[in-house]
There are 2 protein chains.
Amino acid sequence: MDAAEFRRRGKEMVDFVADYQENIEHRRVYPDVEPGYLRSMIPSEAPLEPESYEDVLRDVDRVIMPGVTHWLSPHFYAYYANSTSFPSILADLLSSGIGTIGFTWAANPACSELETVMLDWLGKMLQLPEDFLSETQGQGGGVIQGTASEATLMALLSARLKTVKCVQESDPQRSEADIISKLIAYTSEEAHSSVEKASIIGGVVIRMVPTDEHFSVRAETLEKMVAEDKATGYIPFFFCATLGTTPCCAFDKIDELGPICNAENIWMHIDAAYAGCAFICPEFRPLLNGVEFADSFSINPNKFLLVGFDCSAMWVKKSADLTRAFQMDPEYLKHEHQGSGLVKDYMHWGIPMARRFRSLKLWFVFRMYGLRGLQAFIRKHVELAKTFENLVRGDNNFEICAEVVMGLVCFRLKGSDELNKALLKQITRTGKIYLVPCKLRGRFVLRFVVCGRTTELRHIQEAWKHITELSSELLQNLFDHEGKEN
Amino acid sequence: MDAAEFRRRGKEMVDFVADYQENIEHRRVYPDVEPGYLRSMIPSEAPLEPESYEDVLRDVDRVIMPGVTHWLSPHFYAYYANSTSFPSILADLLSSGIGTIGFTWAANPACSELETVMLDWLGKMLQLPEDFLSETQGQGGGVIQGTASEATLMALLSARLKTVKCVQESDPQRSEADIISKLIAYTSEEAHSSVEKASIIGGVVIRMVPTDEHFSVRAETLEKMVAEDKATGYIPFFFCATLGTTPCCAFDKIDELGPICNAENIWMHIDAAYAGCAFICPEFRPLLNGVEFADSFSINPNKFLLVGFDCSAMWVKKSADLTRAFQMDPEYLKHEHQGSGLVKDYMHWGIPMARRFRSLKLWFVFRMYGLRGLQAFIRKHVELAKTFENLVRGDNNFEICAEVVMGLVCFRLKGSDELNKALLKQITRTGKIYLVPCKLRGRFVLRFVVCGRTTELRHIQEAWKHITELSSELLQNLFDHEGKEN
């Protein structure tokens, strides 16, 4: 395919994507396919000779689309929002077209520098303390990680190294392995599974901190655990706070937890993957109070800021904590401005060395929406969630299971877990809307997240109507069944 | 921006990308900017109100392009090839348009299943042993990782867990921390820096294995080190072999190393990021003989198979070794086919949980080029490298520093490191072509890699002419200077 054909096919693909998104709500949001459906639909080997583009595109409709869970559908209410937008898609197309791989500044100065400035822009939108910005020429700064999992892992690994060094300073005889075997990380029992995964990768013990009635970690609980662990010879070194937990969007009290972490030399990382995006709205910003105590902080613009996956923004107060941990400089990666303090070689800031030109997405989206446009987008989602909450509260068969703060509503049928599992099973089978469950205090709960860029009031109303219809059937069957038994 | 505007802007962007790539060779390949050039060119904060798309696009030309290192230019001879293509860009656009995030099978069955089948296709193109394929319904299979760094890290972490379990089976009292403190990983002194980084992340000791005169790790050297380490109570557990090292594209002798690893219960991972792609050509496939001894193997289709970054293909013989290491199943990620053995939840196969729909790129590229088209692409690069090698060999001022096997030529001016550094500095400053150096046996060497999809014979000839002109100037200056001194 030469450039001339790409012009033609590319424009067709643009129309294909536009058609797809314009008509997406008429598709079944959760696919009706069985495991292994795809293998039999295509050859078992790559072709020897080139095939025609028409054949490939035809197969996208024939093979791919029937098996797609349509994340961008307004009927998609699962996980947390995945909020891409047209400007983000354009920026990603540009990034693919430039085809750069940014690891050092020299590998693409524009890629490195735009990332630095975009993280400052976003940091200011969030009113982060200056310590986290690059423009102050201090020790802080931001970086794009692929996922929040990677941001958490980088924070934990950096904290591990820092603590080992610190312990060895006062006790030079103590081996790294011995110190690591005594390290303890902490996170909420409600935290995302990636925090536990990070601790396994890092080879350190993690303790799950119980939460209060609002599913929040409180100071006294952490304080007590830290004291216990210190008393038995362990070394508390890392606390991952969550702002907006995955199950029910709860918020740890970082303003009271932060001082404890600081006093105990515990690295505080804040994982605010979803909810953190909403802190660009002044009414939500108070939930971030206490960030000044944190060593690192991350949000996922690809969750709630109209930026396509993958894009996790991470800020650190002392970038050397990150870069020092894994800095390696083979000859083929050296360049003349390295170590000058004037440039950022982002390869030292994360797990993978090579990186795509992702800051373009942030730049396009911030400029095409403006801060006000992004705030309006977030407020609309929150409002729609409140609407859904009110619908649930208006129905005596249902209950709300956690405070609705942003775009997530946790609810369930009053009754057994089995009943709620049966309801979700019906919802998934019908495929009209898609949600996933969670567990809260051991109970099976349905999560309804307003996700789509194009989700409107009518979709919320339709969704609720659909849920109540299915639940009425279920309850009727149950009633009939019980009637028969009596 | 609504779908109608996206249709218009998207088509413009397709033309922008086509124009960029068609005219890229007239751009200065390495940018002429100073550190910090970008910050002063754009505002210090995001706009409050939306800006026009015209302004954004104008700034791509004004702000971004002057600072871009043009990886897709035919004048780009640095690092290793980054070989994207138009079909890959189209597939990525489709992926952005679908906007899916695949972590479990349920999150997007098509995304999970196409990945499995594409890794089988590629595995067959490489003539991998059946143990590594999914279609045999055995324990093996493939996965797309973001980068080779992540593939190596996943292999090392899986090996760590496997060894800990194995040691504890015979010695249940021994703590994980104690075992980890005794683990030793091995890799070539010529291996990529990401292997050492993986060992630091994993908290294990790594030893660099000396290479023979061809920069290859040999059996007797590894065998001796392993015996020494075992004698002093250490536990050899991981060997990362390299096929196609970064400095000079050397090949470890995996056919003789594999049996040792198998006998010693050492996990053998093969990092063939660049060179592995060429194994789809029968004439290069013998270099992969011995892969049957490996536990895991990875190549980067984004380096040499016309697939855009990021796309690192990894195969394992026992996928449970990977998935068991980090399997976590919170309620919100469960689905009905989980654990059925029929589906793959790729979130357990890597560091990040969420993943883009990257298998589309492989599918588009394999079908639009066909196996023969991809073989022809690789052979052309190798041939051009041979041409460059002959040009170097024909000039008595220069020497070839390592055998030219694929697209990389290592060469230098006969003379001091300083002389060669001065030459490279001139090349970089002039900005007409771009190369990076390496060190071989302590000597400073220039690397010339045929990278571009559009690199032709004339570009190679021009590049050589340019290099010899700059070196003649340098040598003349040196001669004049020495003349003055005498």
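The set of residues from region A:425-438 being touching a Pro at 6+ places or on another chain (Cβ under 7 Å) and farther than 21 Å from A:Leu384 by Cα is empty. Applying the criterion of being more than 21 Å from B:Gly442 (Cβ to Cβ) and at the interface with another protein chain (Cβ under 9 Å from one of its Cβ atoms) to the residues of region B:178-192, the residue that is surrounded by the fewest Cβ atoms within 10 Å (Cβ to Cβ) is B:Asp178.
Conditions tested, residue by residue: (1) in a helix (DSSP H, G or I); (2) over 23 Å from the mean Cα position of the chain (by Cα); (3) at pLDDT 95 or above.
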{"position": "A:Ala385", "(1), (2), (3)": "yes, no, yes"}
{"position": "A:Asn390", "(1), (2), (3)": "yes, yes, yes"}
{"position": "A:Val405", "(1), (2), (3)": "no, no, yes"}
{"position": "A:Phe411", "(1), (2), (3)": "no, no, yes"}
{"position": "A:Phe444", "(1), (2), (3)": "no, no, yes"}
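Can you name the residue in region A:194-224 that is touching a Lys or Arg at 6+ places or on another chain (Cβ under 6 Å) and away from chain B (no Cβ under 11 Å) and, of all such residues, is surrounded by the fewest Cβ atoms within 10 Å (Cβ to Cβ)? That would be A:Asp212. The residue pairs whose first member lies in region A:269-297 and is closer than 18 Å to A:Leu371 by Cβ, whose second member is in a helix (DSSP H, G or I) and of a type in the set (Val, Ile, Thr), and whose beta carbons are closer than 6 Å, counting only pairs six or more residues apart or on different chains, are A:Ala278/A:Ile378; A:Cys281/A:Ile378. Pairing each residue of region B:156-180 that is without any contact (Cβ under 8 Å) to a residue 40 or more places away in the chain with any residue that is assigned to a loop (DSSP other than H, G, I, E, B) and among the acidic types (Asp, Glu), provided the two are 6+ apart or on different chains, yields no C-beta distance under 6 Å. Restricting to region B:442-476, and then to whatever is surrounded by 13 or more Cβ atoms within 10 Å (Cβ to Cβ), among the aliphatic types (A, V, I, L, M) and more than 14 Å from chain A (Cβ to nearest Cβ), can you tell me which residue is nearest to B:Lys414 (Cα to Cα)? Filtering region B:442-476 for residues that are surrounded by 13 or more Cβ atoms within 10 Å (Cβ to Cβ), among the aliphatic types (A, V, I, L, M) and more than 14 Å from chain A (Cβ to nearest Cβ), the one nearest to B:Lys414 (Cα to Cα) comes out as B:Leu475. Of the residues A:Ala46, A:Ala3, the single one that is farther than 17 Å from B:Val117 by Cβ, small (Gly, Ala, Ser), surrounded by 17 or more Cβ atoms within 10 Å (Cβ to Cβ) and at the interface with another protein chain (Cβ under 8 Å from one of its Cβ atoms) is A:Ala3. Pairing each residue of region A:412-441 that is within 26 Å of B:Asn108 (Cβ to Cβ) and free of Cβ contacts under 8 Å to residues at least 24 places away in the same chain with any residue that is hydroxyl-bearing (Ser, Thr, Tyr) and surrounded by fewer than 21 Cβ atoms within 10 Å (Cβ to Cβ), provided the two are 6+ apart or on different chains, yields C-beta distances under 7 Å for A:Pro437/B:Tyr332. Here B:Leu72, B:Leu90, B:Leu38 are screened, and the one residue that is more than 30 Å from B:Asn300 (Cα to Cα), surrounded by 17 or more Cβ atoms within 10 Å (Cβ to Cβ), touching a residue at least 12 places away in the same chain (Cβ under 8 Å) and within 8 Å of another protein chain (Cβ to nearest Cβ) is B:Leu38.
Set side by side, the residues A:Leu90, A:Leu57 differ, and just one is within 29 Å of the chain's Cα centre (by Cα) and closer than 25 Å to A:Glu5 by Cβ, which is A:Leu90.
Taking the stated definitions as given, is B:Phe377 in a helix (DSSP H, G or I), within 14 Å of chain A (Cβ to nearest Cβ) and either at pLDDT 95 or above or more than 24 Å from the chain's Cα centre (by Cα) (or both)?
Taking the combined requirement at face value, the residue satisfies it.
Scanning region B:392-403 for residues that are assigned to a helix (DSSP H, G or I) and under 22 Å from B:Thr246 (Cβ atoms) yields a single hit, B:Val392. A:Asp329 fulfils the conditions (1) among the acidic types (Asp, Glu); (2) closer than 30 Å to B:Ser312 by Cα; (3) outside any loop (DSSP other than H, G, I, E, B) except for a single criterion, (3). Give region B:142-161 a look and list any residue that's closer than 21 Å to B:Leu114 by Cα, more than 10 Å from chain A (Cβ to nearest Cβ) and of a type in the set (Ser, Thr, Tyr), or say none. None - no residue of region B:142-161 is closer than 21 Å to B:Leu114 by Cα, more than 10 Å from chain A (Cβ to nearest Cβ) and of a type in the set (Ser, Thr, Tyr), so the list stays empty.
From the list B:Val56, B:Val14, the lone residue that is surrounded by 24 or more Cβ atoms within 10 Å (Cβ to Cβ) and assigned to a helix (DSSP H, G or I) is B:Val14.
Evaluated against (1) more than 7 Å from chain B (Cβ to nearest Cβ); (2) over 26 Å from B:Asp59 (Cβ atoms); (3) within 20 Å of the chain's Cα centre (by Cα), A:Gln139 falls short on exactly one condition, (3).
In the set B:Ala3, B:Ala46, only one residue is assigned by TED's automatic domain parsing to the domain that holds B:Lys425, without any contact (Cβ under 8 Å) to a residue 12 or more places away in the chain and over 21 Å from B:Val436 (Cβ atoms); that residue is B:Ala3. Could we say that A:Ser112 is assigned by TED's automatic domain parsing to the domain that holds A:Arg324 and either closer than 25 Å to B:Ser158 by Cβ or surrounded by fewer than 22 Cβ atoms within 10 Å (Cβ to Cβ) (or both) here? It is false that A:Ser112 is assigned by TED's automatic domain parsing to the domain that holds A:Arg324 and either closer than 25 Å to B:Ser158 by Cβ or surrounded by fewer than 22 Cβ atoms within 10 Å (Cβ to Cβ) (or both). The single residue among B:Met125, B:Met118 that is facing chain A (nearest Cβ under 7 Å), touching a residue at least 40 places away in the same chain (Cβ under 8 Å) and out of contact with any Lys or Arg (no Cβ under 8 Å at 6 or more places or on another chain) turns out to be B:Met125. Tell me yes or no: at least one residue of region B:281-291 is touching a helix residue (DSSP H, G or I) at 6+ places or on another chain (Cβ under 8 Å), part of a loop (DSSP other than H, G, I, E, B) and facing another protein chain (nearest Cβ under 9 Å). No: region B:281-291 contains no residue that is touching a helix residue (DSSP H, G or I) at 6+ places or on another chain (Cβ under 8 Å), part of a loop (DSSP other than H, G, I, E, B) and facing another protein chain (nearest Cβ under 9 Å). Only residues that are among the basic types (Lys, Arg) and either in the same structural domain as A:Ala376 (by TED's automatic domain parsing) or within 18 Å of A:Lys380 (Cβ to Cβ) (or both) were counted across region A:286-320, and they come to 1.
The values are calculated or read from the model by the stated rules, or taken from the named source; none is laboratory data. Just so it is clear, the structure is predicted and the values come from calculations on it, not from any experiment. We place every Cβ from the backbone using ideal geometry, glycine too, and count neighbours over all the protein chains shown.
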